[in-house]
Amino acid sequence: MYWNISTLITIFATILYGVIFTLVMLSRPLNRSRKIFAFYLLAMSVWSVSAFLTISGFGNVITWFKVMTASPVMMTVAIFFFIQTMFGFRRRWAPFMIVYGILTILITFLTSIMVISASLDQAGRLQYELGPYFPLVAAPGYSLVLVCIIDLIRGFVRTHDAQHRERIRYLVIGLSITILASLTNFTPIGKYPIDIAANGVTALLIAYAILRHQLLDIRVVVRLGILYSFTTAIFSAIYFLSISLVLNAFQLLTGKTVFIVSILVGTLSAFLLSPLRNLVQTWIDRIFYRDKYNAELMLERLSQTATSLLDIKKITRMILSEVNNTLHIEHGAILIKQVESGDFQVIAEDGENKILPTGFRADHPIVTWISRKKQPLLNRDLSFAPVFKSMWKEEKEELEEFNPEIFLPLNSKGELIGILALGKKLSSQPYTQDEQLIFSTLANQTAVAIENARLYDELRASFVQSVTALANAIDIRDTYTNTHSQQIANWAAKTARAMGCKPAEVNEIYLGGLLHDIGKIGIPDTILQKPTNLNAEEWKIVHTHPSLGADLIAPIEKLANVSPMIEYSHERYDGLGYPHGIKGEEIPLGARIISVVDSYSAMLDKRPYKEPYSSSRIIEELKQNCEKMYDPRVVDAFLKIILLDDKDPPSMNRLSEV
């Protein structure tokens with residue numbers, strides 16, 4: 001009897017198929033599909049056992065080799081009928097496959113058409129010779145396998161159930177591996193147990209499909225410790241085999257030498273295999289507990305990124321995308337409480353086109369329940385709790401269309417600030433207790449991120465209001481208009497956006513437009529409100545207001561990038577402006593934009609010393625002064641905005657949306 005790595009592979013495959021066969025036979029109800037699949041597993045077990053008996057030399061080699069040759073035919077016929085049952089196919093020629101299987105087995109055992117000889121040489125290597133008609137007898141079997149794979153692919157395309165697709169995927173992969181490996185028997189490397197090793201891999205795939213995706217609708221609860229113990233047993237077998245192989249290699253060793261060599265080999269094996277065992281156990285976590293593992297990674301990613309974002313829409317879109325990609329849900333939405341009304345409106349959605357168009361009113365039963373209970377609300381609870389009977393007909397119809405599976409409260413400081421609504425998983429499986437706990441953690445993170453973003457928005461709004469009030473105060477001193485700075489800011493922001501500036505840059509240019517005249521706070525009223533032309537000395541004083549304005553806001557950290565726009569807003573593109581006489585691209589883009597829109601506003605306004613210009617004259621002035629006073633690109637972008645507003649011409653009292 002021979003012991004080597006080949007026999008270990010056959011034992012491993014036999015144990016795997018034996019365990020899976022027992023699992024299927026013990027499952028209830030034992031329906032037709034499970035019985036046929038059990039026969040397939042039995043054929044694979046017989047294949048593995050006969051391979052062990054053949055390679056180990058335990059018994060008559062040629063007899064067991066013939067069993068090993070006939071077993072794939074049994075397997076092929078069984079998997080064919082299993083797939084027919086699985087998809088409800090009915091083929092008239094199917095009964096002939098049973099006849100083919102029986103005839104092939106009889107031919108294999110009673111004649112030498114399939115197998116001529118099989119034996120083990122002195123080194124324990126398998127030597128065999130197949131009959132000349134073996135390919136002819138095996139060809140229908142391989143054709144049948146091809147039909148099976150095509151049927152599986154058709155079924156994969158036809159179904160939209162994610163979990164059913166996963167089941168089919170692993171069956172296709174396992175069947176393909178088995179058949180491709182069996183083809184090695186027609187080559188010189190067929191003496192090695194490649195086909196049996198492939199059977200072991202297929203067994204692992206089937207076990208995974210049963211444990212992870214409920215193949216055959218078999219649900220198995222497997223504790224992590226059992227999987228770890230199984231891993232330890234495999235590595236213990238490898239450890240034992242390593243010592244056996246070394247001792248067989250040094251058969252002359254005796255007594256204490258054998259003991260010392262065994263200790264050395266055992267220590268070295270333990271040292272090398274321990275990290276590998278830990279790696280395998282990590283992969284068990286990832287494979288059999290993938291959802292939980294991925295969800296933990298998702299929470300880690302969100303904790304690192306969500307708190308650093310200050311845009312509510314970006315935060316909510318990112319969170320929904322993460323949940324969808326990790327847990328594969330049909331759809332989801334996040335509703336945020338509106339400060340003024342108390343209603344909850346959808347701010348972000350992901351997945352299929354299923355939304356809550358009107359959101360939830362402040363006294364909606366779902367809002368009331370979540371606010372009071374401060375815990376997730378499952379869809380099934382909507383049918384039982386009396387409070388939900390008070391929903392309006394339209395609200396019930398919206399919920400039915402959205403088809404939510406769970407509502408999660410987003411609480412901050414004890415107050416409900418939002419709701420995370422998630423649809424069903426694509427696998428149609430209910431959310432587990434672990435997933436609901438993960439959702440609770442996710443809801444807490446989301447609430448904190450949203451509250452931070454909301455506080456930032458309020459702070460920014462307060463800041464902008466203060467800046468606007470300051471700009472208006474300056475405008476009041478200049479009697480020609482009291483909304484001049486607001487108007488410049490709106491046009492400047494529109495132009496910046498049209499030129500492809502980033503949102504942060506648009507915001508800074510908007511603030512630059514608001515504060516471009518802030519330096520006039522240091523200019524005497526006698527000059528600002530003088531009804532006649534200014535003299536040279538007065539102009540010299542006026543020319544100081546850009547530098548004065550820049551100096552005033554430079555100490556404010558949030559306006560650090562705005563200060564240069566104010567300082568250079570009266571520079572000319574040809575370098576003949578003030579206060580520094582810089583030109584071209586040396587002038588910040590924001591300053592070049594403000595220069596154009598400020599000139600447009602000045603020409604459009606009525607002043608004590610001039611009448612307003614017509615639109616055509618203003619456009620002509622801007623075009624004539626391109627590359628002299630103004631950046632041509634800015635003029636082109638700004639004029640496009642003005643032309644778009646022809647039907648709704650800009651006025652002093654209309655504020656554009658920024």
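So which of Leu420, Leu416, Leu459, Leu408 ends up being assigned to a helix (DSSP H, G or I) and of a type in the set (A, V, I, L, M, F, W, C)?
Values: Leu420 fails: assigned to a helix (DSSP H, G or I); Leu416 fails: assigned to a helix (DSSP H, G or I); Leu408 fails: assigned to a helix (DSSP H, G or I).
Of the residues listed, the single one that is assigned to a helix (DSSP H, G or I) and of a type in the set (A, V, I, L, M, F, W, C) is Leu459.
The numbered conditions (1) open to solvent by less than 70 Å² (accessible area, probe 1.4 Å); (2) in contact with a Gly (Cβ under 8 Å, 6 or more places away or on another chain); (3) in a helix (DSSP H, G or I) are all true for Leu552 except (1). Taking the criterion of being of a type in the set (Phe, Trp, Tyr) and either open to solvent by 50 Å² or more (accessible area, probe 1.4 Å) or not in a strand (DSSP E or B) (or both), would at least one residue in the stretch 350-366 satisfy it? There is no residue in the stretch 350-366 that is of a type in the set (Phe, Trp, Tyr) and either open to solvent by 50 Å² or more (accessible area, probe 1.4 Å) or not in a strand (DSSP E or B) (or both). Does Arg219 satisfy the condition of being modelled with pLDDT under 80, buried (at least 18 other Cβ atoms within 10 Å of the Cβ) and of a type in the set (Lys, Arg)? No.
Going through the stretch 363-393 one residue at a time, which ones are touching a helix residue (DSSP H, G or I) at 6+ places or on another chain (Cβ under 9 Å) and of a type in the set (A, V, I, L, M)? Listed by number, the residues that qualify are Ile366, Leu377, Leu378, Leu382, Ala385, Val387, Met391. Pro430 meets each of the listed conditions (1) in a loop (DSSP other than H, G, I, E, B); (2) within 17 Å of Ile334 (Cα to Cα); (3) not aliphatic (A, V, I, L, M) apart from (2). Only one of the numbered conditions (1) of a type in the set (S, T, N, Q); (2) modelled with pLDDT of 80 or more; (3) open to solvent by 10 Å² or more (accessible area, probe 1.4 Å) is not met by Ser485, and that is (3). Restricted to the stretch 14-25, and to residues that are within 38 Å of the chain's Cα centre (by Cα), hydrophobic (A, V, I, L, M, F, W, C) and closer than 21 Å to Thr85 by Cβ, which residue is modelled with the highest pLDDT? The selected residue is Phe21. In this structure, Ile509 does not satisfy being in a helix (DSSP H, G or I) and over 17 Å from Val634 (Cβ atoms).
Here are some residues: Leu604, Leu576. Which one is open to solvent by 10 Å² or more (accessible area, probe 1.4 Å) and modelled with pLDDT under 90? Give the derivation first.
Details: Leu576 fails: modelled with pLDDT under 90.
Going through Leu604, Leu576 in turn, the sole match is Leu604.
Residues in the stretch 1-44 that are under 22 Å from Ala123 (Cα atoms), in contact (Cβ under 8 Å) with a residue 60 or more places away in the chain and open to solvent by 70 Å² or more (accessible area, probe 1.4 Å): Tyr2, Trp3, Ile5. Each residue in the stretch 54-68 was checked for being closer than 29 Å to Ile36 by Cβ, open to solvent by 20 Å² or more (accessible area, probe 1.4 Å) and in contact (Cβ under 8 Å) with a residue 12 or more places away in the chain, and 4 of them qualify.
Going residue by residue through the stretch 410-419, is there one that turns out to be surrounded by fewer than 21 Cβ atoms within 10 Å (Cβ to Cβ) and out of contact with any helix residue (DSSP H, G or I) (no Cβ under 9 Å at 6 or more places or on another chain)?
Our first condition is that a residue be surrounded by fewer than 21 Cβ atoms within 10 Å (Cβ to Cβ); within the stretch 410-419, this holds for 411-417.
Then keep just the ones that are out of contact with any helix residue (DSSP H, G or I) (no Cβ under 9 Å at 6 or more places or on another chain); that gives 414.
Yes; the residues of the stretch 410-419 include at least one that is surrounded by fewer than 21 Cβ atoms within 10 Å (Cβ to Cβ) and out of contact with any helix residue (DSSP H, G or I) (no Cβ under 9 Å at 6 or more places or on another chain).
Pull up the stretch 512-533, narrow it to residues that are exposed (fewer than 14 other Cβ atoms within 10 Å of the Cβ) and not in a helix (DSSP H, G or I), then point me to the one that is modelled with the highest pLDDT. Looking at the filtered set, the residue picked out is Pro524.
The values are calculated or read from the model by the stated rules, or taken from the named source; none is laboratory data. This structure is a prediction, so every number in the text was calculated from the model and none was measured. Quick reminder, even Gly has a Cβ in these numbers, built from the backbone with ideal geometry, and neighbours come from all protein chains shown. SASA here: full protein model, heavy atoms, side chains in, ligands and nucleic acids out. Shrake-Rupley method; radii C 1.70, N 1.55, O 1.52, S 1.80 Å.
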